[in-house]
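The values are calculated or read from the model by the stated rules, or taken from the named source; none is laboratory data. All values reported here derive from a predicted model rather than from experimental measurement. Counting neighbours? That spans all protein chains shown, and the Cβs are built from the backbone with ideal geometry, glycine included.
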């Protein structure tokens, strides 16, 4: 029988920090999806790209490694249903290909000579040339699915955050005011 060595307090606090931030990020993504679903009826809506970006960046943030504290452990990339895994992969891919970076295989650009522009579009240059840039659009179903995936993640995180808070602070005297969470071995 193997016994797992207890996690040092510093590591427990780091875990709590990651979990708490992830829960906040998923709530922000869920809110962007909610706004998208209730106010935007197509990719040509002025808020489409902004809400798409907000939903994707907020969702992906906990899964992208950073210098301060790393990304969420792999357990948060495992899901009950395949549709959840697919939405997760789609959100991460959208973040990498068009939101945080411009992937040339996705964001293609065409030169439009005079007379070839769609009706209502003016030429950008004095010589009559303009550019057409391929966008990246997802269906409205993506945002409903991402909303539900965020709910699922938040539910899981609520349990993990509560467990971590109990592990760290149960039985300890906590000051009456706010206490900044420091990643150390103290309170």
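Going by the structure shown, is residue 35 assigned to a helix (DSSP H, G or I), more than 18 Å from the chain's Cα centre (by Cα) and surrounded by 14 or more Cβ atoms within 10 Å (Cβ to Cβ)? Working first, answer last.
Working: assigned to a helix (DSSP H, G or I): yes; more than 18 Å from the chain's Cα centre (by Cα): no; surrounded by 14 or more Cβ atoms within 10 Å (Cβ to Cβ): yes.
Here the answer is no, as residue 35 does not meet what is asked.
In the range 82-99, the residues that are without any contact (Cβ under 8 Å) to a residue 12 or more places away in the chain and at negative phi reach residues that are surrounded by 16 or more Cβ atoms within 10 Å (Cβ to Cβ) and not in a helix (DSSP H, G or I) with C-beta atoms within less than 7 angstrom, at least six apart or across chains, in these pairs: 85/79. When residues in the range 77-106 are screened for being surrounded by 15 or more Cβ atoms within 10 Å (Cβ to Cβ) and more than 13 Å from the chain's Cα centre (by Cα), 5 of them pass.
Of the residues 107, 95, the single one that is touching a strand residue (DSSP E or B) at 6+ places or on another chain (Cβ under 8 Å) and more than 19 Å from residue 156 (Cα to Cα) is 107. Just one of the listed residues (64, 56) is touching a residue at least 12 places away in the same chain (Cβ under 8 Å) and over 18 Å from residue 147 (Cβ atoms), namely 64. Among the residues that make up the range 52-67, is at least one of them touching a helix residue (DSSP H, G or I) at 6+ places or on another chain (Cβ under 7 Å) and either farther than 21 Å from residue 142 by Cβ or surrounded by fewer than 14 Cβ atoms within 10 Å (Cβ to Cβ) (or both)? Taking every residue of the range 52-67 in turn, none turns out to be touching a helix residue (DSSP H, G or I) at 6+ places or on another chain (Cβ under 7 Å) and either farther than 21 Å from residue 142 by Cβ or surrounded by fewer than 14 Cβ atoms within 10 Å (Cβ to Cβ) (or both).
Of everything in the range 132-150 that's in a loop (DSSP other than H, G, I, E, B) and out of contact with any helix residue (DSSP H, G or I) (no Cβ under 9 Å at 6 or more places or on another chain), which residue is surrounded by the most Cβ atoms within 10 Å (Cβ to Cβ)? The extreme case among them is 134.
Rundown of residues vs (1) in contact with a strand residue (DSSP E or B) (Cβ under 6 Å, 6 or more places away or on another chain); (2) within 19 Å of residue 142 (Cβ to Cβ); (3) modelled with pLDDT under 90, yes/no style:
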{"site": "5", "(1), (2), (3)": "no, no, yes"}
{"site": "71", "(1), (2), (3)": "no, no, no"}
{"site": "81", "(1), (2), (3)": "no, yes, no"}
{"site": "90", "(1), (2), (3)": "no, yes, no"}
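Within the range 122-131, restricting attention to residues that are touching a strand residue (DSSP E or B) at 6+ places or on another chain (Cβ under 7 Å) and loosely packed, with under 14 Cβ neighbours inside 10 Å, which residue is modelled with the lowest pLDDT?
Top of the filtered list is 124.
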